[in-house]
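Participant: Questions regarding the structure given below will be posed in turn.
The values are calculated or read from the model by the stated rules, or taken from the named source; none is laboratory data. All of these numbers come straight from a predicted model, not from anything done at the bench. Note: ideal-geometry Cβ built from the backbone for every residue, glycine included; neighbour counts use all protein chains shown.
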Amino acid sequence: MKNKGVLLVFLTAIISGFSIFINKFSVSVINPYIFTFLKNVVVAVLICGLVVVIKDWKILKNLNRKYWLLLIAIGFVGGSIPFLLFFKGLSLTTASQGSFIHKTMFIYVMILAVLFLREKIDKKLLFGGLLLLLGNVFLLKFIPHSVSKGDLLVLIATLLWAVENIISKYTLKELPSRIVIWGRMFFGSIFILLFLAITGQISLMENLNINQISWVLITSIILFGYVMTWYSGLKYVPVSLATTILLLGAPITTLLTFMSSGIITSKEIFGIGLSLGGAFLVLGSKYIIERIKKIIYVRT
């Protein structure tokens, strides 16, 4: 089952790479808060339909108070507040700085996983993650400067997502991934709606045009694929491994950008090389080492 989980999370990284590439176009034509809310609502409706069809509503009906609170927490800590902080932070800092801060999430997840889930961190996983992070430095053309208010908001959002992943992993031990996804999207949508109501932004949805609605629908399908593969994979693999694999999204975005523009720099090529080295350590080194040992054993 672990191999299945790794494959699903790897698919999440691929979807993430596509998502970042496409969202560059979509966020320029619609208010990011409205955009986030509508995407969440569409995915929430889809997952509600899935819960009804598969009859997972029976599980919801029998949930005790503990798991209802966990699902609400996942929606609040992961599906609403960090999105609002993240988009606000990005408006106050550079895209490369904000993206790099977000990529450090696997570090916080590792620390929390050791403390609360008793996960053991393999040295190859840690070193591979650091290589992937270094590769992102070159891929994002990251040039550090003084810490701004925007950087702090992005960091807070990243920390909240790290906490949410720990809560989700704990909850997935007892509940199906579809129920956890439902909690994140359903309660997340409610919390974002409350934010829009308090800030007087709900009326902005009345003026959406066909182009904006099209972008919402396209990105909602991508988000649906993201949450379905991510939480389904997270159920079977350690959360520290899963969040490290997600770092592979940046090389995929770079390759898509190259395919659309035909331009790639030497730094980006170097960044992809580092990322591939990190991926080797995270995903493939154990298998390859075992194969080499078998070959040596046969020959001797």
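Participant: Looking at the stretch 5-56, which of the residues that are at pLDDT 85 or above and aromatic (Phe, Trp, Tyr) is farthest from LEU71 (Cα to Cα)?
Facilitator: PHE10
Participant: Of all the residues that make up the stretch 192-245, how many are among the charged types (D, E, K, R) and over 16 Å from the mean Cα position of the chain (by Cα)?
Facilitator: Matching residues across the stretch 192-245 total 1.
Matching residues to (1) more than 17 Å from VAL43 (Cβ to Cβ); (2) out of contact with any strand residue (DSSP E or B) (no Cβ under 6 Å at 6 or more places or on another chain); (3) not polar (S, T, N, Q):
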| position | (1), (2), (3) |
| --- | --- |
| LEU152 | yes, yes, yes |
| ILE167 | yes, yes, yes |
| MET228 | no, yes, yes |
| LEU234 | no, yes, yes |
| SER266 | yes, yes, no |
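Participant: A further question on this structure: Can you find even one residue in the stretch 84-93 that is surrounded by 19 or more Cβ atoms within 10 Å (Cβ to Cβ) and assigned to a loop (DSSP other than H, G, I, E, B)? Break it down into steps so the answer makes sense when it comes.
Facilitator: First pass over the stretch 84-93, keeping only residues surrounded by 19 or more Cβ atoms within 10 Å (Cβ to Cβ): 84-87, 89-90, 93.
After this cut, where a residue has to be assigned to a loop (DSSP other than H, G, I, E, B) as well, the list is 93.
Yes.
Participant: Run down LEU139, LEU130 and say which single residue is of a type in the set (A, V, I, L, M) and surrounded by fewer than 19 Cβ atoms within 10 Å (Cβ to Cβ).
Facilitator: Numbers: LEU139 fails: surrounded by fewer than 19 Cβ atoms within 10 Å (Cβ to Cβ).
It is LEU130.
For (1) in contact with a Gly (Cβ under 7 Å, 6 or more places away or on another chain); (2) farther than 25 Å from THR253 by Cβ; (3) touching a residue at least 12 places away in the same chain (Cβ under 8 Å), each residue gets a yes or a no:
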site: ILE74; (1), (2), (3): yes, yes, yes
site: PHE87; (1), (2), (3): no, no, yes
site: SER99; (1), (2), (3): no, no, yes
site: GLY129; (1), (2), (3): yes, no, yes
site: ILE166; (1), (2), (3): no, yes, yes
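Participant: Restricting to the stretch 47-69, name every residue that is surrounded by fewer than 10 Cβ atoms within 10 Å (Cβ to Cβ) and not basic (Lys, Arg).
Facilitator: Passing the criteria: VAL53, ASN62, ASN64.
Participant: Cβ-Cβ under 6 Å, sequence separation 6+ or interchain: first residue in the stretch 205-222 and in contact (Cβ under 8 Å) with a residue 24 or more places away in the chain, partner of a type in the set (Ser, Thr, Tyr). Which pairs?
Facilitator: Cβ pairs passing all conditions: TRP215/SER26; THR219/SER26; ILE222/SER19.
Participant: Please work out which residue is nearest to TYR170 (Cα to Cα), limiting yourself to the stretch 101-126 and to residues that are without any contact (Cβ under 8 Å) to a residue 40 or more places away in the chain and charged (D, E, K, R).
Facilitator: Restricting to residues being without any contact (Cβ under 8 Å) to a residue 40 or more places away in the chain and charged (D, E, K, R), the top hit is ARG118.
Participant: Could you please let me know if PHE106 is of a type outside the set (A, V, I, L, M), farther than 25 Å from LEU196 by Cα and at pLDDT 90 or above?
Facilitator: Details: of a type outside the set (A, V, I, L, M): yes; farther than 25 Å from LEU196 by Cα: yes; at pLDDT 90 or above: yes.
In short, yes.
Participant: Could you say which residue among VAL282, VAL216, VAL180 is touching a helix residue (DSSP H, G or I) at 6+ places or on another chain (Cβ under 6 Å) and either closer than 28 Å to LYS123 by Cα or of a type in the set (Asp, Glu) (or both)?
Facilitator: Values: VAL216 fails: either closer than 28 Å to LYS123 by Cα or of a type in the set (Asp, Glu) (or both); VAL180 fails: either closer than 28 Å to LYS123 by Cα or of a type in the set (Asp, Glu) (or both).
Result of the check over VAL282, VAL216, VAL180: VAL282.
Participant: I would also like to ask the following. Could you tell me which residue of the stretch 160-180 is farthest from PHE76 (Cα to Cα), considering only residues that are in a helix (DSSP H, G or I) and of a type in the set (D, E, K, R)?
Facilitator: In this case the residue turns out to be ARG178.
Participant: Would you confirm, using the coordinates I've provided, whether THR158 is crowded, with 19+ Cβ neighbours inside 10 Å, hydroxyl-bearing (Ser, Thr, Tyr) and touching a Pro at 6+ places or on another chain (Cβ under 9 Å)? Even if it seems obvious, please write down each step before you answer.
Facilitator: Details: crowded, with 19+ Cβ neighbours inside 10 Å: yes; hydroxyl-bearing (Ser, Thr, Tyr): yes; touching a Pro at 6+ places or on another chain (Cβ under 9 Å): yes.
Here the answer is yes, as THR158 does meet what is asked.
Participant: Shifting gears a bit: Does ILE263 satisfy the condition of being assigned to a helix (DSSP H, G or I) and of a type in the set (A, V, I, L, M, F, W, C)? First the steps, then the outcome.
Facilitator: Details: assigned to a helix (DSSP H, G or I): no; of a type in the set (A, V, I, L, M, F, W, C): yes.
Considered against the rule, which asks whether it is assigned to a helix (DSSP H, G or I) and of a type in the set (A, V, I, L, M, F, W, C), ILE263 comes out as no.
Participant: Provide a single number: the residues in the stretch 125-159 that are hydroxyl-bearing (Ser, Thr, Tyr) and at pLDDT below 80.
Facilitator: Filtering the stretch 125-159 for residues hydroxyl-bearing (Ser, Thr, Tyr) gives 146, 148, 158.
Checking the rest, the ones that are also at pLDDT below 80 come to 146.
Number of matching residues: 1.
Participant: What is the number of the single condition among (1) over 24 Å from PHE35 (Cα atoms); (2) at pLDDT 95 or above that ALA162 does not meet?
Facilitator: Of the numbered conditions (1) over 24 Å from PHE35 (Cα atoms); (2) at pLDDT 95 or above, the odd one out for ALA162 is (1).
Participant: In addition: Among the residues in the stretch 217-236, are any under 27 Å from LYS2 (Cβ atoms), modelled with pLDDT of 90 or more and not in a helix (DSSP H, G or I)?
Facilitator: Of the stretch 217-236, the ones under 27 Å from LYS2 (Cβ atoms) are 222-236.
So of that shortlist, the ones also modelled with pLDDT of 90 or more come out as 222-236.
Add one more test, that the residue is not in a helix (DSSP H, G or I), and what stays is 235-236.
Looking through the stretch 217-236, at least one residue is under 27 Å from LYS2 (Cβ atoms), modelled with pLDDT of 90 or more and not in a helix (DSSP H, G or I).
Participant: Please go through the stretch 94-104 and give me each residue that is among the hydroxyl-bearing types (Ser, Thr, Tyr) and in a helix (DSSP H, G or I), ordered by number.
Facilitator: In the first step, residues of the stretch 94-104 are kept if they are among the hydroxyl-bearing types (Ser, Thr, Tyr); the result is 94, 96, 99, 104.
Those that are among the hydroxyl-bearing types (Ser, Thr, Tyr) and in a helix (DSSP H, G or I): SER96, SER99.
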